[in-house]
1. Given the structure, is D89 acidic (D, E), crowded, with 23+ Cβ neighbours inside 10 Å, without any contact (Cβ under 8 Å) to a residue 60 or more places away in the chain and within 24 Å of E233 (Cα to Cα)?
2. Looking only at residues in segment 120-142 that are open to solvent by 70 Å² or more (accessible area, probe 1.4 Å) and either under 22 Å from V349 (Cβ atoms) or of a type outside the set (A, V, I, L, M, F, W, C) (or both), which one is farthest from the ligand (Cβ to nearest atom)?
3. With respect to G309, determine if the residue is within 16 Å of the ligand (Cβ to nearest atom) and open to solvent by 30 Å² or more (accessible area, probe 1.4 Å).
4. Which numbered condition trips up V283, out of (1) in contact with an Asp or Glu (Cβ under 8 Å, 6 or more places away or on another chain); (2) within 20 Å of P144 (Cα to Cα)?
5. Of all the residues that make up segment 260-304, how many are within 16 Å of the ligand (Cβ to nearest atom) and among the polar types (S, T, N, Q)?
6. Listed residues I328, I353; which is part of a strand (DSSP E or B), in contact (Cβ under 8 Å) with a residue 60 or more places away in the chain, among the aliphatic types (A, V, I, L, M) and closer than 16 Å to N384 by Cβ?
7. Answer yes or no as to whether V291 is surrounded by fewer than 16 Cβ atoms within 10 Å (Cβ to Cβ), without any contact (Cβ under 8 Å) to a residue 24 or more places away in the chain and among the aliphatic types (A, V, I, L, M).
Amino acid sequence: MKKCMIIGCGGVASVAIHKCCQNSDVFEGIMIASRTKSKCDALKEKLQPITKTVIETAQVNADNVDELIELINSYKPDVVLNLALPYQDLTIMDACLATKTHYVDTANYEPLDTAKFEYKWQWAYREKFEQAGITALLGSGFDPGVTGVFSAYAMKHQFDEINYIDILDCNGGDHGYPFATNFNPEINIREVSAKGSYIEDGKWIETEPMEIKRVYNFKGVGEKDMYLLHHEELESLALNIKGIKRIRFFMTFGQSYLTHLKCLENVGMTSIEPIMYEGKEIVPLQFLKAVLPDPASLGPRTVGKTNIGCIFRGKKDGKDKNYYLYNICDHQECYKEVGSQAISYTTGVPAMIGAMMIMTGTWNKAGVYNIEEFDPDPFMEALNKWGLPWEEDFNPVLVD
Ligand code: NDP
């Protein structure tokens, strides 16, 4: 029996689990293991009557390597799909090494106390994974994830060299709250309140948070303000795609979101420095998370679409060429299908596909790899089949 252990049972995991259950030929068994077992049990209760996939559940503290090893040894999955938080990446990778089990995640490791995400910690595992004969597939969400697959696909089929990539992440959804985050608030706010950066001529160029703004007219959504952010896939794509001169990442934000965020920042609510409150140490950002709407509750209220993709500029047969690959996803359609909004959907579907690539042996090489280091074609085909069809534009409007 082919089995996958999914760690975490939040917004993204819930979508990935629905998708595994739609894909029982590959996912014959899954174990949902997370901190709060009742969430895993509730999902099992909902899905087991309508799927052939055999679902098991377990409680696990993914910060504890020994606990993870024991659970992996008892279930013996073919792959562990890490959909907990970035802080757990290394403990889960350690447990995979100890049990010689393949590993897939959607976000790179970030230490709890520094809010700086980069690949160096996970890339340091390369030799160990090679020696153990197992694969770690890093960043199998949408961005990172599909953006890397799009880049590998563009490189393979459309270009001799790619010189410029602009990744555009647009959420045209409206949840009706004055302020809420679409995924884990702590991770989201850490990401958007950090300095921006992009890579030009092999060097990182740093900007103030939200310093660089552009306006873009997104198909399916319309005109939106977007801001340059630091994003983790810039680091790996700049190394893995031939000919890169500049790579940037933009995300759309509405004015109300930014005004709320600025205000929260100004009063210290987004800080990750612990403070004492009534004799107890608390982290302001974690407290803020506790009072904000749970991203999982946004599903029924969110209307509109997302449009995420990459604009490539490069050369083919000696001539300049532009090419845009993107996906449009509708919040309400996602909700009807799996009970989640499009942000979790666009991450959970590629997470399932990444695990499928490893479980079926379609992607099969020992070591630690970013997603663009594999053949993009089977993944691109699976995106069309499993709910994230892509579109291409050979004459896109460029971002200056
Ligand atoms: P959620 O907060 O909704 O879910 C996280 C889950 O992990 C929760 O079920 C939580 O348990 C569980 N968890 C947290 N800590 C532990 C622990 N120590 N041991 C066991 N389980 C734990 O987050 P999301 O679903 O929004 O995000 C999941 C991942 O996806 C994150 O790493 C995020 O960065 C990534 N992501 C990637 C994107 C991409 O495009 N690549 C986009 C969006 C997110 P509990 O239920 O008890 O809280």
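The values are calculated or read from the model by the stated rules, or taken from the named source; none is laboratory data. No experiment lies behind these values; they were computed from the predicted model shown. Note that we place each Cβ from the backbone using ideal geometry, even for glycine, and neighbour counts take in every protein chain shown. Note: accessible area is taken over every heavy atom of the protein model, side chains too, but ligands, DNA and RNA are not part of it. Shrake-Rupley method; radii C 1.70, N 1.55, O 1.52, S 1.80 Å.
1. In short, yes.
2. Among them, the one singled out is Q131.
3. no
4. Answer for V283: the failing condition is (2).
5. 3
6. Of I328, I353, the one residue that is part of a strand (DSSP E or B), in contact (Cβ under 8 Å) with a residue 60 or more places away in the chain, among the aliphatic types (A, V, I, L, M) and closer than 16 Å to N384 by Cβ is I328.
7. Against the criterion (surrounded by fewer than 16 Cβ atoms within 10 Å (Cβ to Cβ), without any contact (Cβ under 8 Å) to a residue 24 or more places away in the chain and among the aliphatic types (A, V, I, L, M)), V291 qualifies.
Yes/no per residue for (1) open to solvent by less than 30 Å² (accessible area, probe 1.4 Å); (2) closer than 19 Å to S297 by Cβ; (3) in contact with a helix residue (DSSP H, G or I) (Cβ under 7 Å, 6 or more places away or on another chain):
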{"position": "K3", "(1), (2), (3)": "no, no, yes"}
{"position": "V12", "(1), (2), (3)": "no, yes, yes"}
{"position": "K19", "(1), (2), (3)": "yes, no, yes"}
{"position": "G29", "(1), (2), (3)": "yes, no, no"}
{"position": "A33", "(1), (2), (3)": "yes, no, yes"}
{"position": "K46", "(1), (2), (3)": "no, yes, no"}
